[in-house]
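A quick write-up on the structure given underneath.
Nothing in this text is a laboratory measurement; each read-out follows from the coordinates by a stated rule. All values reported here derive from a predicted model rather than from experimental measurement. Neighbour counts are summed over all protein chains in view; Cβ atoms, including those assigned to glycine, are modelled from backbone coordinates with ideal geometry.
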Amino acid sequence: MRALCLVLLLLSPAVLAAGGTTLKVRCVETCTVLIEGRPGRRLHDSPWNWEFKDVPPGKRRVEVKGILGRPLAASYLDIPDVPEASLYVDSKGRLTVSPSASSAAADAGIRPAPSEAQTKEDASILHVRCQKPCTVTVEHVRRPSGDSRTAIVHGLKPGTYRVEVDFVLGGTRRGSVEVPPASEVFVYATDAGLQVTNTRPLAK
């Protein structure tokens, strides 16, 4: 009997034991997310944000379903051994998992946080202009556009940003853009990809 119980335990799905990673999931549409067959908790009553507590690091099965149970993604993902990580589900069903900023900072060593005044002084502006109608996302956040061809993002901290452009007709183009402190960066998106056309200091 004890041997049978042991076999059943080994064959059962992994249990989300205490002391693991807190995983925050964000979809681009209304979704339901399961990890090892178990649902998480909706964040802020949002239909596209989920949170899972104490997810054991390692390979875990993640299932994502859209409206009316439409399958969006199903895959085994490597959950990092960090206190907190994020998972982004894009419109094509691709899954991207990464440590949160606080976890990455802890791994790199804690540095004194810059003052609020210094942060504002270093903030930059990113201009993304498309050859044809498009939607623009920066670090997985969709940015509004007044004319469906131009997006302007204010208040960016210095660093490297992931920029993704979805053309209404023509597919997706993506790339990494380096944003210096206190600067304006201009990016032009075409079928060939993303190109930084100009970088200039912000007028004081």
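Some points to look at:
- Per-residue ³J(HN,Hα) for segment 62-74, Karplus 6.51 cos²θ - 1.76 cosθ + 1.60, θ = phi - 60°, Hz, x for Gly and Pro: 10, 10, 10, 10, x, 4, 6, x, 5, x, 9, 7, 8
- Contact order for segment 116-201, expressed relative to its length and based on alpha carbon pairs under 8 Å spaced 6+ residues apart, stands at 32 percent.
- 19 Å Cα-Cα reach of Lys132 towards aspartates and glutamates, excluding residues that sit fewer than 8 places from it in its own chain: Asp147, Glu164, Asp166, Asp191
- Sorting the segments 162-173, 43-54 by their mean number of nearby beta carbons within 10 angstrom, highest to lowest, gives 162-173, 43-54.
- Residues whose placed amide H lies under 5 Å from that of Gly20, excluding near-sequence neighbours: Asp54, Val55
- Val187 long-range amide H proximity, modeled H, under 5 Å: His127, Val128, Arg129, Thr197
- Residues in segment 33-38 carry Karplus couplings, in order, of 10, 10, 10, 6, x, 10 Hz; the curve used is 6.51 cos²θ - 1.76 cosθ + 1.60 with θ = phi - 60°, and Gly or Pro positions show x.
- Proximity of backbone amide H atoms, modeled 1.01 Å from N, is registered between Ile79 and Gly58, Lys59, Arg60 at under 5 Å, excluding neighbours fewer than 5 places apart on the same chain.
- Burial order of peptide ranges 60-73, 25-38 (average beta-carbon count within 10 Å, highest first): 25-38, 60-73
- Residues Arg42 and Thr96, FRET efficiency given R0 of 25 Å [Cβ-Cβ distance, rounded to 0.05]: 0.75
- Under the Karplus curve 6.51 cos²θ - 1.76 cosθ + 1.60, θ = phi - 60°, whole-Hz ³J(HN,Hα) for segment 92-98, x wherever Gly or Pro sits: 9, x, 7, 10, 10, 10, 8
- Over segment 17-106, Cα pairs under 8 Å with separation of 6+ residues give a relative contact order of 31 percent.
- Alpha-carbon centroid distance for the pair segment 48-88 / segment 159-186, whole angstrom: 26
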